[in-house]
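The values are calculated or read from the model by the stated rules, or taken from the named source; none is laboratory data. No experiment lies behind these values; they were computed from the predicted model shown. FYI the Cβ positions are ideal-geometry reconstructions off the backbone, even for glycines, and counts take in every protein chain you see.
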Amino acid sequence: MAYVAIPRKYRPKKFSEVTGQEYITETLRNAIKSGRFAHAYIFAGPRGVGKTTTARIVAKALNCENPLDGEPCNQCPNCLAISKGSFPDVIEIDAATNRGIDQIRELRESVHYAPAKGKKKVYIIDEFHMLTKEAFNALLKTLEEPPEHIVFILATTEIDKIPPTILSRCQKFVFRKIPKELMVETLKEICQKEGVGYEEEALYLIATASEGCMRDAESLLDQSIALGGGEVKAKEVSEFLGVLTGKDIAEILKLSFSGDKQRLREQLKNLENQGYNPLFVIKQLLERVEKEFIEGEEFTDEELVAAFKILSEAHKSVAFHPYPYTALFFYLFKLSYFKDLKRIGELLSGNFKLSLPEKKAEETAEENSLEDIYIKETNDKGDFVEIIPKNRTAFDLLQERINELERKFGKKVKLVEIDNGTRKKEVKISPESEEKIDKLLKTFSAKLFPGYPKVIDESSNS
Ligand SMILES: Nc1ncnc2c1ncn2[C@@H]1O[C@H](COP(=O)(O)OP(=O)(O)O)[C@@H](O)[C@H]1O
Ligand SMILES: [Mg+2]
Ligand SMILES: [Zn+2]
């Protein structure tokens with residue numbers, strides 16, 4: 001069989017097969033079923049979301065010899081002819097190339113002839129907003145007194161450009177962009193029907209790149225299948241589409257917060273060299289931040305709110321920046337100020353925690369019993385580690401197990417003397433810390449509010 005591109009091969013043939021526009025397709029199907037179909041409809045919405053597809057299903061359902069429950073049978077001669085585009089009573093006009101008054105006059109004449117074969121003559125006018133003013137006016141007369149056997153379906157991506165006089169004579173349906181999850185479902189079904197293997201993430205990347213346009217998603221799937229030799233893989237699709245994988249996005253966010261300038265720069269350079277669009281990178285980061293805010297655990301709300309704000313600013317200025325990746329780098333680096341804020345915030349709440357370097361934390365993670373007896377505030381001071389016990393008993397317990405602790409950390413361990421069984425909770429901040437707070441607040445054009453604790457020195461903590 002000849003190769004047919006996926007968008008054509010999988011064009012829905014029934015209302016029930018149209019994804020994501022249930023409200024519209026149900027309304028249309030019920031109107032057809034009950035015989036109360038209007039004379040003129042406007043199908044508005046972005047491209048590639050099912051406007052033409054739905055218009056053709058309407059044309060079939062209205063002319064089908066054996067309709068079932070408002071759906072076309074797709075088997076009778078009329079349905080088959082409409083699918084092939086050779087039915088005389090379904091007339092598709094592209095207003096982008098037939099804009100003028102002459103075409104519309106012609107149309108107005110033809111409207112008066114009864115259908116040649118079917119029950120209704122269906123005019124599908126695509127890119128309807130492209131008609132000239134005269135053409136709109138000429139059509140208006142027909143819309144005012146349409147002959148009984150006529151149905152107009154006027155499809156447009158720009159409903160604002162259609163005169164109100166026309167709008168008010170039509171039923172309007174606004175098609176929406178296809179939500180990502182639905183799109184992925186549809187792509188999965190196509191892969192299964194095509195007998196093609198896929199990584200689910202690859203389909204998500206395609207859906208992300210398509211920004212709600214199903215036609216694009218299907219064409220990209222087609223290309224991805226060709227590219228992968230019959231297997232749709234995330235890594236390949238990511239490079240091909242310039243859409244970051246989930247892992248890469250997480251990595252960039254983490255590097256931004258960590259303040260690892262070198263690696264952050266490296267990561268961004270790589271993206272730049274591979275031709276990833278920086279605005280799309282920001283968009284993906286924003287989406288991820290939203291997702292983390294709702295369901296993640298790795299970052300605090302404050303961090304994510306800051307990330308959202310900084311990325312939104314970045315999106316505005318990166319678009320016009322002569323060095324977009326450099327700009328992005330500096331915006332992302334701002335997020336590392338939050339590392340300080342976190343510490344300062346903890347200081348202020350009297351809940352001062354200094355965590356171990358990440359690697360050590362992992363190494364010790366399995367042995368919870370030891371960790372249970374000290375507050376996680378272990379302070380790595382270069383050649384020794386300080387541990388603050390939870391209370392007096394814990395202090396004694398730890399004293400006994402000091403060898404065990406030293407083996408665990410690979411360094412000398414010093415227990416911090418505790419006062420009265422609990423640590424002092426007094427908040428003291430050094431001038432350097434204050435400077436850091438100022439720097440951070442300036443990032444958000446914010447000010448300290450009165451009553452902010454005044455400070456002596458944070459080192460006199462014990
Ligand atoms: N809602 C949808 N459900 C399933 N497939 C769709 C949908 N919208 C678009 N498609 C796919 O995209 C192709 C183009 O859709 P079309 O209806 O021509 O879009 P437009 O809204 O630009 O008129 C179809 O052949 C079909 O494969
Ligand atoms: Mg169309
Ligand atoms: Zn039929």
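If a residue must be in a helix (DSSP H, G or I) and surrounded by fewer than 20 Cβ atoms within 10 Å (Cβ to Cβ), how many such residues does the range 304-321 contain?
Step one: of the range 304-321, the residues in a helix (DSSP H, G or I) are 304-318.
Keeping just the survivors that are surrounded by fewer than 20 Cβ atoms within 10 Å (Cβ to Cβ) gives 305, 308-309, 312-313, 315-317.
Number satisfying all stated conditions: 8.
Give the residue that is nearest to ligand 3 (Cβ to nearest atom), with candidates limited to residues of the range 61-80 that are surrounded by fewer than 18 Cβ atoms within 10 Å (Cβ to Cβ) and in contact (Cβ under 8 Å) with a residue 12 or more places away in the chain.
At the first step, the residues of the range 61-80 found to be surrounded by fewer than 18 Cβ atoms within 10 Å (Cβ to Cβ) are 65-66, 68-69, 73-77, 80.
Adding the requirement that they be in contact (Cβ under 8 Å) with a residue 12 or more places away in the chain leaves 65, 69, 74, 76-77.
On the way: Glu65: 5, Asp69: 13, Asn74: 6, Cys76: 3, Pro77: 8 Å.
Here the residue is Cys76.
Among the residues of the range 134-152, write down those that are touching a residue at least 12 places away in the same chain (Cβ under 8 Å), out of contact with any Lys or Arg (no Cβ under 8 Å at 6 or more places or on another chain) and within 17 Å of Arg99 (Cα to Cα). Before you say what the answer is, go through the steps one by one.
Initial filter on the range 134-152 (touching a residue at least 12 places away in the same chain (Cβ under 8 Å)): 134-136, 138-144, 146-147, 149-152.
Then drop every residue that is not out of contact with any Lys or Arg (no Cβ under 8 Å at 6 or more places or on another chain), which leaves 134, 136, 146-147, 152.
Matches in the range 134-152: Glu134, Phe136, Phe152.
What residue, among those in the range 390-414 that are of a type in the set (D, E, K, R) and assigned to a helix (DSSP H, G or I), is surrounded by the fewest Cβ atoms within 10 Å (Cβ to Cβ)? Before you say what the answer is, go through the steps one by one.
Of all residues in the range 390-414, those of a type in the set (D, E, K, R) come to 390, 392, 396, 400-401, 404, 406-408, 411-412, 414.
Filter once more, so that each one left must be assigned to a helix (DSSP H, G or I): 392, 396, 400, 404, 406-408.
On the way: Arg392: 13, Asp396: 13, Glu400: 8, Glu404: 12, Glu406: 14, Arg407: 10, Lys408: 17.
It comes out as Glu400.
Taking the conditions exactly as written (within 17 Å of Tyr41 (Cα to Cα) and within 16 Å of ligand 3 (Cβ to nearest atom)), does Val151 satisfy them or not?
Numbers: within 17 Å of Tyr41 (Cα to Cα): yes; within 16 Å of ligand 3 (Cβ to nearest atom): no.
Considered against the rule, which asks whether it is within 17 Å of Tyr41 (Cα to Cα) and within 16 Å of ligand 3 (Cβ to nearest atom), Val151 comes out as no.
In the list Tyr41, Tyr113, which residue meets the criterion of being more than 16 Å from ligand 2 (Cβ to nearest atom) and assigned by TED's automatic domain parsing to the domain that holds Leu154?
When all the criteria are applied, what remains is Tyr113.
For Pro164, state whether it is surrounded by fewer than 19 Cβ atoms within 10 Å (Cβ to Cβ) and over 21 Å from Asn63 (Cβ atoms).
Values: surrounded by fewer than 19 Cβ atoms within 10 Å (Cβ to Cβ): yes; over 21 Å from Asn63 (Cβ atoms): yes.
Answer is yes for this residue.
Just give me the residues in the range 105-131 being free of Cβ contacts under 8 Å to residues at least 40 places away in the same chain and within 16 Å of ligand 1 (Cβ to nearest atom), in sequence order.
The answer is Tyr123, Ile125, Glu127, His129, Met130.
I need the full set of residues from the range 1-26 which are under 22 Å from Cys73 (Cβ atoms), touching a residue at least 24 places away in the same chain (Cβ under 8 Å) and more than 6 Å from ligand 1 (Cβ to nearest atom), in order please.
If the condition is that a residue be under 22 Å from Cys73 (Cβ atoms), touching a residue at least 24 places away in the same chain (Cβ under 8 Å) and more than 6 Å from ligand 1 (Cβ to nearest atom), then Lys13, Lys14, Phe15, Ser16, Ile24, Thr25 are the ones that fit.
Ser83 fails exactly one of the following numbered conditions: (1) near ligand 3 (Cβ under 10 Å from one of its atoms); (2) touching a helix residue (DSSP H, G or I) at 6+ places or on another chain (Cβ under 6 Å); (3) closer than 18 Å to Lys9 by Cβ. What is the number of that condition?
Here Ser83 clears every test but (2).
Restricting attention to the range 173-202, which residues are surrounded by fewer than 19 Cβ atoms within 10 Å (Cβ to Cβ) and over 20 Å from Ser16 (Cα atoms)?
Correct list: Glu194, Gly195, Val196, Gly197, Glu199, Glu200, Glu201.
Filter the range 126-177 for residues that are among the hydrophobic types (A, V, I, L, M, F, W, C) and assigned to a helix (DSSP H, G or I) and give the result. If you could, list the steps in order and put the result at the bottom.
Here is the first cut: in the range 126-177, the residues among the hydrophobic types (A, V, I, L, M, F, W, C) are 128, 130-131, 135-136, 138-140, 143, 150-155, 159, 162, 166-167, 170, 173-175.
The answer is Phe128, Met130, Ala135, Phe136, Ala138, Leu139, Leu140, Leu143, Ile159, Ile166, Leu167.
Working only within the range 162-195, note down all residues that are among the polar types (S, T, N, Q) and touching a residue at least 24 places away in the same chain (Cβ under 8 Å).
Residues of the range 162-195 that are among the polar types (S, T, N, Q), as a first pass: 165, 168, 171, 186, 192.
Answer for the range 162-195, where residues must be among the polar types (S, T, N, Q) and touching a residue at least 24 places away in the same chain (Cβ under 8 Å): Thr165, Gln171, Thr186.
Can you go through Val58, Val49 and tell me which one is touching a residue at least 12 places away in the same chain (Cβ under 8 Å), β-branched (Val, Ile, Thr) and in a loop (DSSP other than H, G, I, E, B)? Reasoning before the result, please.
Working: Val58 fails: in a loop (DSSP other than H, G, I, E, B).
Exactly one of Val58, Val49 is touching a residue at least 12 places away in the same chain (Cβ under 8 Å), β-branched (Val, Ile, Thr) and in a loop (DSSP other than H, G, I, E, B), namely Val49.
Go through (1) within 14 Å of ligand 2 (Cβ to nearest atom); (2) over 15 Å from Leu28 (Cα atoms); (3) outside any loop (DSSP other than H, G, I, E, B) for Thr97 and report which single condition fails.
(3)
May I ask you to verify whether Phe43 is in contact with a Leu (Cβ under 9 Å, 6 or more places away or on another chain) and within 13 Å of ligand 1 (Cβ to nearest atom)? I'd like the intermediate steps shown before the answer.
Details: in contact with a Leu (Cβ under 9 Å, 6 or more places away or on another chain): yes; within 13 Å of ligand 1 (Cβ to nearest atom): yes.
The answer is yes for Phe43.
What tally of residues in the range 6-43 results from selecting those that are in a strand (DSSP E or B) and surrounded by fewer than 21 Cβ atoms within 10 Å (Cβ to Cβ)? Don't jump to the end; show me each part of the working.
Filtering the range 6-43 down to residues in a strand (DSSP E or B) leaves 40-43.
Going one step further and asking which of them are surrounded by fewer than 21 Cβ atoms within 10 Å (Cβ to Cβ), we end up with 40.
Within the range 6-43, residues that are in a strand (DSSP E or B) and surrounded by fewer than 21 Cβ atoms within 10 Å (Cβ to Cβ) number 1.
Among (1) touching a residue at least 60 places away in the same chain (Cβ under 8 Å); (2) among the small types (Gly, Ala, Ser); (3) assigned by TED's automatic domain parsing to the domain that holds Leu286, there is one condition Ser219 misses while meeting the rest; what is its number?
(3) is the only condition that Ser219 fails.
Just wondering, is there one or more residues in the range 86-93 that are buried (at least 19 other Cβ atoms within 10 Å of the Cβ), of a type outside the set (Asp, Glu), more than 16 Å from ligand 2 (Cβ to nearest atom) and part of a loop (DSSP other than H, G, I, E, B)?
yes
State whether the residues of the range 61-79 include one that is out of contact with any Asp or Glu (no Cβ under 9 Å at 6 or more places or on another chain), more than 13 Å from ligand 1 (Cβ to nearest atom), closer than 25 Å to Glu218 by Cα and in a strand (DSSP E or B).
yes
Pick from the range 290-303 the residues that are modelled with pLDDT under 90 and part of a helix (DSSP H, G or I): which of them is nearest to Leu332 (Cα to Cα)?
Within the range 290-303, the first condition is being modelled with pLDDT under 90, and the residues that meet it are 296-303.
Filter once more, so that each one left must be part of a helix (DSSP H, G or I): 301-303.
On the way: Asp301: 17, Glu302: 15, Glu303: 12 Å.
Here the answer is Glu303.
Consider the range 14-38. How many of its residues are within 16 Å of ligand 2 (Cβ to nearest atom) and on the phi > 0 side of the Ramachandran plot?
Here the count works out to 1.
Answer yes if at least one residue in the range 134-141 is closer than 30 Å to Leu241 by Cα and modelled with pLDDT under 95, and no otherwise.
Looking through the range 134-141, none of the residues is closer than 30 Å to Leu241 by Cα and modelled with pLDDT under 95.
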